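Notes for the one structure printed next.
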Amino acid sequence: MFFTWDVGAVDKFTIHLGDLGGFGWRAEQAVLNVQFRAANQGSVQLHIARLLLPSPFKQLQQVAIRCGYIELAPSGVRCPEGRVSFSHEGFFVHRSLFSFSYHLETQALSFKLKLPGLAGGSGTIAGDFEDARWQLSISGKSFKLASLFELIASLGLQSAIGSSEFSFQGRLGIEATLVGQGQFLHTVRLELQLDEVGFSDTSALQVGEAVIGKLQLKGQNTQKGWEITGGMKLNGGEAYFHPVYFAFSETPLHAEVELTQGKVEGDWKIPRFSLKQTGVMALSGALQWGQQGITKARVQAAQTQIPALYQHWLKPFLAGTALGNLTSGGKVALVWTYRSPGRWRLKGFLEGVDMVDQQGRFSMSGLEGTFGWSTHAIPLTMDVSWRKGSLYALALGAAHFLAESKNNGLWLRQPLRLPVLDGQLLINDFILQNPGASVAHWELEGVLSPLSMEKVSQALGWPVLAGKLSGVIPRVRYREGVVEMGGALLVRLFDGTLVIQNLRLENPLGIVPRLEADIDINRLDLATMTRTFAFGKIEGQLSGELRKLHLVDWQPVQFDAKLATPEDDPLRHRISQQAVENLSRLGGGASGLLSRSFLGLFKNFSYDKMGLSCRLRRQICEMGGLGSINGGYYIVRGGGFPRIDIIGYTRQVDWPVLIKRLKRVTLVDGPVRE
């Protein structure tokens, strides 16, 4: 039943309604102007000084509502089409289309407001309020992100959009529904459609361009707390979150999550989540956290192709390290578990894994087995084997690595036997602790069984040497990027020995490794050492020292070297004609006291002692020998018959030139002719 008026008597009137309200809303200083056109019909203008609504609107000022066609009844009022204007903290809506109805007895209010041109797109806001229950819906199409974020900021919701250091471009579609009762919000539904979205922070370390995708969120506030499900799909455009780059059109990203609120304030659980990057990896797991952070977690990665995983996720974080530029192959699966405080375990499963350093420093092929790391007291077994490998130019054979990890460390469970060329490196003891931390360190002890020096020299690009290389490795320690040796390293070489002391190696697998050492040389057999040289044959022993040796990027930059025949050498002292010529060439001198025609009469000569020294500084070698003579120095002092003296006259020589001469005289037959 509608109200009726005597239109002839009264055709318009004004009612000062004062303050009106219901659960979730309140209108202050409301004034109603009514004009009648026919029985039970008319037009209405309503002005409200301030309208209080649920968040995020909170309050609107100067609300002007005009309904050109309104129906009035004893139960309430209905406006199927009208226009509204209002302001909100600088944001102004002018003559937007709306509809509403209000029931006087139940105080039920429904409205729908269309906002064409809002943030460069179009939007609709609808609300239903009855008793304590209310529902608010927001729908929007093609919002310009830059304009939308300005609007959100004007609503006082800066915290909802994050830092103001970001700039945004592109467009956004929104579908959102909020359902509550009184001040209690119990249902949330949200869907965002990204349309070529771009963003950037001021440092350009977080950047997106033309991103296309969808985000969904559903939440229910139950007696136990919030239960939320969410999903994300990004399948277009690209983004960079330092240091990781995403090309969503090539490797789309999909994510799903379930979230529940715990009984204690600040406690949350994720009973299930998944993250899939097509063609790269697939993660799944669960976790929970409280006010102090994550308390429990489990994350597993399904078997993944290592090349894609390395290129997209590992390489950006490993840039500048020894693992920063690899060619890889094979598969890996991972399981990571965590329990507060700070205890975690990582276990991996390798299948046919290959790794090759593009700078030629190392390689591994055919890696199989399980690996891992544990900060728990309960040990985690590592059992890995490989088919072959290399360290710089040294070939490594197949091996089996059996160890265990606990308390953020690793220990061998059995000695590691690592084939090196035609010999073997036996590592009896190995300890690794706190990797990645400032206090990270490792220690090892081992024995090197005989290696063919011919194979070693060929592998390292040296002049071909004869004999065998072996030695005992004392306890070697690594800490803060530096390798140091606790004792003397004994190397057996050319039937003599090298004793290496004060060894210090910085950044061994880095871009510019540095090495320091002092070396004692004891009774090397020259016949063995020169047997395969084109340099020429020399018989006798050689001893000496190499002090203050400094290598940078494996190239010598400083040393003090002295080599000479030992005083009690029991071997015969003979030197070939070819060796005489080449030693003379190295020293920039001549074979003293003999003419070249007389020198040609003999193939071998007798000598008493030989010696040579070099003090290298700034790429200049200051040379010397056994003693001074006629402005020069003895390289070889003769003795017996046929006697020969070799005298050097060059006191300073460029180190690269000296190395070039040495290479030439060892790679060609006969003396060097320049």
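For Arg387, which of the numbered conditions (1) more than 26 Å from the chain's Cα centre (by Cα); (2) within 23 Å of Lys315 (Cβ to Cβ) fails to hold? Condition not satisfied by Arg387: (2). Among the conditions (1) in contact with a helix residue (DSSP H, G or I) (Cβ under 6 Å, 6 or more places away or on another chain); (2) over 24 Å from Ser405 (Cβ atoms), Gly330 misses just one, which is (2).
Could we say that Arg477 is basic (Lys, Arg), in a strand (DSSP E or B), closer than 30 Å to Leu326 by Cα and touching a strand residue (DSSP E or B) at 6+ places or on another chain (Cβ under 6 Å) here?
yes
Residues that are over 15 Å from Val472 (Cβ atoms), surrounded by fewer than 18 Cβ atoms within 10 Å (Cβ to Cβ) and not acidic (Asp, Glu) were ranked within the range 492-512; the one that is modelled with the lowest pLDDT is Leu509.
Let's see how each residue does on (1) assigned to a strand (DSSP E or B); (2) hydroxyl-bearing (Ser, Thr, Tyr):
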position: Ser470; (1), (2): yes, yes
position: Leu505; (1), (2): yes, no
position: Asp518; (1), (2): yes, no
position: Gly536; (1), (2): no, no
position: Pro556; (1), (2): yes, no
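Residues that are within 30 Å of Thr375 (Cβ to Cβ) and of a type in the set (A, V, I, L, M, F, W, C) within the range 397-425 comprise Ala399, Phe401, Leu402, Ala403, Leu410, Trp411, Leu412, Leu416, Leu418, Leu425, listed in sequence order.
In the range 418-447, which residues are surrounded by 16 or more Cβ atoms within 10 Å (Cβ to Cβ) and within 13 Å of Gly397 (Cβ to Cβ)? Hits for the range 418-447 are Leu418, Pro419, Val420, Leu421, Gly423, Gln424, Leu425. Scanning the range 596-603 for residues that are modelled with pLDDT of 75 or more, touching a helix residue (DSSP H, G or I) at 6+ places or on another chain (Cβ under 9 Å) and surrounded by fewer than 14 Cβ atoms within 10 Å (Cβ to Cβ) turns up at least one hit.
Restricted to the range 134-151, and to residues that are crowded, with 21+ Cβ neighbours inside 10 Å and without any contact (Cβ under 8 Å) to a residue 40 or more places away in the chain, which residue is nearest to Leu194 (Cα to Cα)? Result: Phe143. Please tell me if Lys218 is closer than 24 Å to Phe143 by Cβ, without any contact (Cβ under 8 Å) to a residue 40 or more places away in the chain, among the basic types (Lys, Arg) and in contact with a Gly (Cβ under 8 Å, 6 or more places away or on another chain). When the stated conditions are applied, Lys218 passes them. Checking the range 276-285 against the condition returns no match, with no residue being crowded, with 16+ Cβ neighbours inside 10 Å and touching a Gly at 6+ places or on another chain (Cβ under 7 Å).
Scanning the range 568-582 for residues that are surrounded by fewer than 20 Cβ atoms within 10 Å (Cβ to Cβ), out of contact with any Lys or Arg (no Cβ under 9 Å at 6 or more places or on another chain) and of a type in the set (D, E, K, R) yields Asp568, Arg572.
Restricting attention to the range 372-408, the residues that are at pLDDT below 95, outside any loop (DSSP other than H, G, I, E, B) and out of contact with any Ser or Thr (no Cβ under 8 Å at 6 or more places or on another chain) add up to 3.
Scanning the range 420-448 for residues that are touching a Ser or Thr at 6+ places or on another chain (Cβ under 8 Å) and not in a strand (DSSP E or B) turns up Leu421, Asp422.
The values are calculated or read from the model by the stated rules, or taken from the named source; none is laboratory data. Bear in mind that the values here come from a model prediction, so they are computed numbers and not experimental data. We place every Cβ from the backbone using ideal geometry, glycine too, and count neighbours over all the protein chains shown.
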